[in-house]
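Report on one structure; see the data block that follows.
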């Protein structure tokens with residue numbers, strides 16, 4: 001019996017030596033978490049009278065409220081944005097920067113430049129080209145498809161239609177009448193924002209989304 | 001002196017003289033044989049595989065004599081002249097008896113017929129100095145596979161997860177992670193054919209029917225030299241051959257029913273097994289609808305063309321059918337509206353084997369295909385994926401006393417065809433098929449692999465055996481990979497052995513999807529460069545009294561090259577490195593009323609891609625697992641499988657990015673979760689207990705067995721995944737407010753099942 005315990009002791013000792021041999025934890029370097037992370041979100045709309053932009057700090061915890069960044073210099077294609085008073089921000093228009101000077105046309109390239117605490121944030125979007133001509137024939141609305149179009153949305157009398165990938169839309173089941181028709185073509189950045197969970201699209205130096213859309217709208221009679 | 005006493009003395013003298021003369025003559029006759037015992041030699045082999053059986057017990061009936069075979073199945077026995085009855089016995093085989101007469105000195109060739117062990121508990125192969133045992137491997141018989149409680153049907157993958165060094169990402173995903181390796185690093189071979197994605201029920205359940213299997217052999221480290229091209233492990237399954245006198249068998253469980261038929265004839269036999277789930281049929285009979293079922297079937301045909309030549313044909317077919325339209329409500333009579341998803345495997349092989357006393361030469365030609373297909377008229381979702389593998393292997397095994405060699409060559413040609421298009425997520429079904437990869441993809445690629453292998457094993461003496469070999473693998477004669485294998489096993493005192501292994505593995509393909517639970521077969525893609533891992537291991541094994549064996553194995557696996565999906569055009573692979581290391585402790589008692597196998601594994605698995613260093617998704621540091629069996633008499637057994645391990649890593653959310661989206665009539669603020677440092681947090685610890693109760697009745701025309709199983713007996717809601725989600729709730733002002741929360745995916749609920757198996 002004495003020999004049995006001796007053998008077991010030696011066996012267990014060997015096992016512990018093996019465990020000690022391999023069980024040194026690997027040190028994984030931690031990221032620098034001190035830098036403040038900011039988020040920018042803007043969809044430039046061709047032809048719109050105002051362009052908007054949202055600039056906030058990253059929300060770290062669930063339930064935290066937004067912390068708007070107002071002390072920055074924001075410009076697109078050299079046209080500066082101005083901060084909106086916080087009491088004017090509402091859920092229907094949640095942006096905190098606006099400009100009325102910037103006129104955007106379909107097919108244009110727009111560059112964002114933001115100066116914030118000695119950091120430069122850049123962004124770029126290619127505004128989708130024009131949707132025209134738009135035709136209504138055989139219960140289908142069709143429009144011009146261009147490689148710069150990465151997705152569309154259609155609304156009839158503010159009744160929004162989900163994001164679609166094709167350059168046509170069936171209206172067979174809409175009752176006859178006069179409708180306010182709006183078609184929007186989105187750029188690649190916006191399409192990526194819908195299909196991926198990436199935290200930074202169209203931007204360098206910040207999280208968020210910098211995208212654009214080209215809009216066609218008119219009143220149409222459906223028969 | 002009287003006269004009458006003289007004749008008496010004379011008679012007595014004459015009798016003594018006659019007796020003495022007889023003894024003298026007899027003695028002279030047998031003297032040359034006295035003190036010169038005759039040496040009988042021979043070898044014992046497996047009657048089916050014809051491989052030598054080491055350590056066979058040989059006894060001379062009605063004497064105290066006997067011996068044991070060596071590690072190559074050879075034995076020597078010294079007997080006095082005479083006629084003897086020799087008995088050959090070995091665990092796992094039917095005993096055999098043979099009458100021999102000595103002299104002369106015969107050379108005996110004995111074949112033992114394997115039998116299914118009726119020993120409760122997983123049968124683990126003990127230390128053997130044959131060419132296979134130099135690499136750690138576990139052998140599981142159909143009986144031991146059935147002992148591991150599983151979902152309705154016995155599942156080889158479930159039994160393998162109870163072995164040390166094996167982890168699964170979660171309950172809902174059967175893919176194995178072996179010693180720090182990813183799910184695509186496991187080689188799964190059935191009768192020489194490589195099977196891809198062998199899972200039913202969206203990864204929940206293995207596709208192999210235990211009734212059709214003869215043996216499952218699991219190599220958690222270096223695989224046999226004839227198989228390769230995977231970095232981490234090999235699961236080698238061998239289907240049943242028809243046996244003399246073996247009965248057919250049927251099995252009915254809550255999940256599926258199966259039937260095994262076998263027929264043996266003079267020079268061959270056939271085994272076929274079919275299994276199908278029937279919940280869809282039951283639901284239909286009850287007036288309800290369930291649009292899902294699967295089936296699998298096995299075929300094994302053998303024919304001896306001559307005493308030396310044997311031909312074998314094997315087939316394996318399995319298919320899952322999913323028809324969401326049937327499940328979700330009104331079934332349409334319009335065939336254009338019918339949506340059917342199918343996925344599965346088609347595999348067949350033709351094998352020709354030539355066996356002599358010392359050599360086995362085998363040629364095998366096989367074809368295996370794994371596919372996923374959506375056949376429906378709805379253009380929004382279309383899938384037509386398949387990976388086919390045409391392969392050929394020729395190998396020669398040669399054995400002589402203490403020395404064994406194996407050499408061979410192989411060639412494989414793969415075709416990877418992928419075509420899928422998904423316009424939108426249809427009721428979440430898109431998540432089942434390749435979440436997180438492009439909505440549209442069309443590609444066909446081909447890959448050819450060639451190579452050879454050679455290995456030499458030498459039993460130097462009763463205490464030392466060594467093995468050296470190499471495997472050569474190349475892709476279209478480009479990028480030649482030379483993979484060494486070295487092993488040594490030393491017997492030291494106290495019934496203890498030490499085993500040292502060194503080797504390298506290579507891999508030419510990788511999954512094109514990040515793993516999630518509940519997904520059909522992941523697309524597999526050829527790589528333009530080889531993945532490679534270098535493996536060291538050191539094992540100690542000791543036999544203790546009471547049929548208890550202890551083992552401990554430390555391993556270090558250096559990933560010289562591993563891949564992951566990159567950011568570029570799909571499938572863009574990034575290449576990095578990494579390492580995995582750990583210790584597997586294992587204690588086993590395989591005989592008696594109380595049997596158990598219990599293990600503890602410590603492991604660490606780290607990937608390095610550029611500056612990014614992170615633990616892998618399957619880096620589970622501490623694992624305790626056990627399978628405990630209790631026998632109540634000879635006909636009833638209870639098995640409890642228990643698992644507890646530390647939580648798997650996950651990537652926490654470090655923040656949320658507010659993004660404004662354009663919804664036509666207005667702006668809406670959405671939140672995109674921002675991933676934190678990769679795998680820097682861990683899920684809560686995992687615990688689970690399953691039980692299985694079996695009762696067997698022996699009848700003259702076969703056995704009947706009733707079994708009852710409960711999975712997750714403790715009803716523990718193990719958290720398998722966190723999913724950051726956004727929920728919109730209407731506010732009092734009429735606007736919609738979004739708030740963020742972490743949704744959890746939990747593991748299996750409490751799942752009881754019952755079934756019956758009977759022979760006929």
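The values are calculated or read from the model by the stated rules, or taken from the named source; none is laboratory data. Model, not experiment: these values are computed from the prediction. Note that we place each Cβ from the backbone using ideal geometry, even for glycine, and neighbour counts take in every protein chain shown.
Some observations on this one:
- Sole exception among (1) in contact (Cβ under 8 Å) with a residue 12 or more places away in the chain; (2) touching a strand residue (DSSP E or B) at 6+ places or on another chain (Cβ under 6 Å) for residue B:701, by number: (2)
- Unmet requirement for residue B:723, which otherwise passes all of (1) within 14 Å of chain A (Cβ to nearest Cβ); (2) at negative phi; (3) modelled with pLDDT of 80 or more: (3)
- Subset of the range A:171-189 [part of a strand (DSSP E or B) and away from chain B (no Cβ under 14 Å)]: A:177, A:178
- Within the range A:64-75, residues that are free of Cβ contacts under 8 Å to residues at least 40 places away in the same chain and more than 14 Å from every other protein chain (Cβ to nearest Cβ) reach partners that are in a loop (DSSP other than H, G, I, E, B) and buried (at least 17 other Cβ atoms within 10 Å of the Cβ) with beta carbons closer than 7 Å, at six or more positions or on different chains, in the pairs A:70/A:96; A:75/A:81.
- Annotation note: of B:647, B:626, B:676, B:610, the sole residue that is surrounded by fewer than 19 Cβ atoms within 10 Å (Cβ to Cβ) and either touching a helix residue (DSSP H, G or I) at 6+ places or on another chain (Cβ under 6 Å) or at positive phi (or both) is B:610.
- So residue B:596, is it within 14 Å of another protein chain (Cβ to nearest Cβ), touching a residue at least 60 places away in the same chain (Cβ under 8 Å) and surrounded by 20 or more Cβ atoms within 10 Å (Cβ to Cβ): no
- Residue A:81 being modelled with pLDDT of 90 or more and more than 10 Å from chain B (Cβ to nearest Cβ): yes
- Of the residues making up the range B:640-667, those that are outside any loop (DSSP other than H, G, I, E, B) and at the interface with chain A (Cβ under 8 Å from one of its Cβ atoms) are B:654, B:655, B:656, B:657, B:658, B:659, B:660, B:661, B:662, B:667.
- Test set (1) away from chain B (no Cβ under 14 Å); (2) not in a strand (DSSP E or B) - residue A:120 fails condition number: (2)
- In the range B:428-465, the residue that is modelled with the highest pLDDT out of those that are assigned to a strand (DSSP E or B) and within 14 Å of chain A (Cβ to nearest Cβ) is B:441.
- One residue from A:161, A:154, A:114, A:134 being modelled with pLDDT under 90 and away from chain B (no Cβ under 14 Å): A:134
- Which listed residue is in contact (Cβ under 8 Å) with a residue 24 or more places away in the chain, crowded, with 18+ Cβ neighbours inside 10 Å and either touching a helix residue (DSSP H, G or I) at 6+ places or on another chain (Cβ under 8 Å) or more than 10 Å from chain B (Cβ to nearest Cβ) (or both), from A:213, A:206, A:167: A:213
- No other residue among A:128, A:147 is closer than 21 Å to residue A:41 by Cβ and part of a loop (DSSP other than H, G, I, E, B) apart from A:128.
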